[in-house]
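Q: Can you keep this structure in mind? I'll have questions shortly.
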Amino acid sequence: HTQPFELNPQMPPGGRDVFEYLSEKYGNPISQVKINQERIYQRAAEIGFTFHPEGRKRVYNTFNGHRLLHWAGEEFDAAAQLRLKKALFHTYFTLAVSMDEPQHLLDAVARANLPVSRAQAVIESDEFSQAVRDIEQQYGQLGISSVPAVIFNQRHLISGAQAPEVFAQAILEYAD
């Protein structure tokens, strides 16, 4: 089940240049940020995920995307939520288009085979806003400050990008 976690909740409309933002956030020169991004692109390609050929240019606020994911989980099921998450990842990382633009979010909804008119109503309202904020606060209080973060049996946390073997071991170790 997907839970909301915004990496950039204070991001202004229109976003920011990805290299400048990451340089400022992590205190690395832009040249190092570009090297790090290239490593991410290579690792993603190894598992079949395609980034935009030029990478993403900007970082955007993703709150509306999180509200839509919450909607999909509430009104449909985990499978619908996963389809939408994959469609939103495709929008953000592969197409590298603005997540501020409602139409791009609605295009992702359509790719996930969910009702676009209902999604548009969610975007145009504040529906699910408080629920998403409450969940984000709950996970923040649990000490989650980065993604990915996977919680097993609501008590064992694996944080950060890990090798598949780490998750396989956790499943074996924490299975009830």
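Q: Hey, with R₀ at 22 Å, roughly what FRET efficiency would Gln103 and Glu54 work out to, going by the Cβ-Cβ distance, to 0.05? It would help to have the intermediate numbers written out before the result.
A: Details: r = 21 Å, r/R0 = 0.97.
The pair Gln103/Glu54 has a calculated efficiency of 0.55.
Q: Let me ask something else. Grab region 16-132 and count how many Lys pairs have their alpha-carbon atoms under 22 Å apart, sequence gap of 8 or more, or different chains. Display every interim value, and only then the final one.
A: Working: Lys25/Lys34; Lys25/Lys57; Lys34/Lys57; Lys57/Lys85; Lys57/Lys86.
Lysine pairs meeting the criterion: 5.
Q: Per the Debye formula with a single identical scatterer at each Cα and no solvent contribution, what log10 I(q)/I(0) holds for region 82-167 at q = 0.17, 0.19 Å⁻¹?
A: -0.94, -1.06
Q: What is the packing order of peptides 61-71, 93-103, taking the mean over residues of other C-beta atoms within 10 Å and listing the highest first?
A: Numbers: 61-71: 22.7, 93-103: 16.1.
Highest to lowest by the protection proxy: 61-71, 93-103.
Q: Which order do the peptides 155-165, 19-29 come out in when sorted by mean C-beta neighbours inside 10 angstrom, highest first?
A: Numbers: 155-165: 10.6, 19-29: 14.0.
The packing order, highest mean first, is 19-29, 155-165.
Q: Now, a different point. Any idea what the relative contact order of the chain is, in percent, if you count C-alpha pairs under 8 Å spaced at least 6 apart? If you can, show how the numbers build up before the last one.
A: Values: 190 pairs, mean separation 39.1, N = 176.
Across the chain, relative contact order equals 22 percent.
Q: P(r) of the chain in 10 Å steps, Cα pairs, percent per bin?
A: 9, 32, 39, 19, 1
Coordinate-derived values only; no laboratory data. Computed from a prediction, not measured in an experiment: that's the story for all the values here. Don't worry about glycine lacking a Cβ; one is built from the backbone with ideal geometry, like all the others, and counts go over all protein chains shown.
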